[in-house]
Amino acid sequence: VRVALAVCFLLCCPGMSVLRDSMVRRQLAARGISDEKLLDAFRRVPREEFVPDGLRHLAYADAALDIGEGQTISQPYIVAVTLEALQLTGAERSLEVGTGSGYAAAVLAWRSREVFTVERNAKLAASARERLARLGYEDVHVLHGDGTLGWPEHAPYDAIAVAAGGPSVPRALLEQLAPGGRLVMPVGATLDSQELVRITKERSGALRTERLLGVRFVPLIGEQGWSAPA
Ligand code: SAM
């Protein structure tokens, strides 16, 4: 078995790192993602570890992929746009809403001091927690709960990324954003399309909103999001 695993490693891993570099060049840099440190973070995270076994061959496809429970791991480009819009310096305490597979949290961890991530689906939260621990992401903390309420115990956050689309930005998240902090979230009046918006909390406490691009995310379901389907 060990010999088989070693052969598998030699055959698969160089291939995956070539695919990962190509994803960073063709899907991210070529489309305008220019933060070199963020591009480097994408080069460090093995996306194949965050997708179901049967989809490993598609890990670097330019697409969102099913991760079970009716949820998806987002398209790498959309994760990159979201994280670049957060203008990370690496010193941030960051909050993510919608852990899913844990992939975006892992990339975020390379550009943050500490990451807190909340997932409403218990199975996804448990498997992301296990996966992130196995891969050595000790500074990423996963909570099973309603992320529309944030994670008040660890607030305030310098950066907040929301990975599901809601009708408006949850009040709790705005309250948990530090002065000078940035929040990026898909917002839309219907379930099937949104605009990615960035909200900056000025030092004075005033909020500044910028519209970034049209996107399509799974719904943000919770007390300050959409209602759960009956
Ligand atoms: N960031 C994830 C990744 O890298 O795999 C992908 C996130 S997926 C597009 C959106 C996730 O948001 C789903 O896993 C869904 O269960 C979760 N979600 C939806 N509403 C939520 C809420 N109120 N609180 C926390 N998670 C929520």
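The values are calculated or read from the model by the stated rules, or taken from the named source; none is laboratory data. Owing to the predicted nature of the structure, the values given are computational and were not obtained by experimental measurement. Cβ atoms come from the backbone with ideal geometry, glycine included; neighbour counts cover every protein chain shown. Side chains included, ligands, DNA and RNA excluded: accessible areas come from the protein's heavy atoms. Shrake-Rupley method; radii C 1.70, N 1.55, O 1.52, S 1.80 Å.
Okay, residues lined up against (1) within 12 Å of the ligand (Cβ to nearest atom); (2) among the β-branched types (Val, Ile, Thr); (3) in contact (Cβ under 8 Å) with a residue 24 or more places away in the chain:
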{"site": "44", "(1), (2), (3)": "no, no, yes"}
{"site": "50", "(1), (2), (3)": "yes, no, yes"}
{"site": "58", "(1), (2), (3)": "no, no, no"}
{"site": "74", "(1), (2), (3)": "yes, no, yes"}
{"site": "80", "(1), (2), (3)": "yes, no, yes"}
{"site": "84", "(1), (2), (3)": "no, no, yes"}
{"site": "88", "(1), (2), (3)": "no, no, yes"}
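Residue under question is residue 51, and the condition is that it be of a type in the set (A, V, I, L, M) and in contact with a strand residue (DSSP E or B) (Cβ under 6 Å, 6 or more places away or on another chain); does it hold? Answer is yes for this residue.
Yes/no matrix, rows are residues, columns are (1) over 21 Å from residue 64 (Cα atoms); (2) among the small types (Gly, Ala, Ser); (3) open to solvent by 10 Å² or more (accessible area, probe 1.4 Å):
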residue: 154; (1), (2), (3): yes, no, yes
residue: 163; (1), (2), (3): no, yes, yes
residue: 166; (1), (2), (3): no, yes, no
residue: 169; (1), (2), (3): yes, no, yes
residue: 176; (1), (2), (3): yes, no, yes
residue: 191; (1), (2), (3): no, no, yes
residue: 195; (1), (2), (3): no, no, yes
residue: 205; (1), (2), (3): yes, yes, yes
residue: 213; (1), (2), (3): no, no, yes
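Quick grid of which residues meet (1) at pLDDT 95 or above; (2) farther than 24 Å from residue 227 by Cα; (3) among the hydrophobic types (A, V, I, L, M, F, W, C):
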| site | (1), (2), (3) |
| --- | --- |
| 109 | yes, yes, yes |
| 112 | yes, yes, no |
| 120 | yes, no, no |
| 126 | yes, no, yes |
| 134 | yes, yes, no |
| 137 | yes, yes, no |
| 151 | yes, no, yes |
| 155 | yes, yes, yes |
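On the stretch given as region 107-121, residues that are near the ligand (Cβ under 10 Å from one of its atoms) and over 8 Å from the mean Cα position of the chain (by Cα) total 5.
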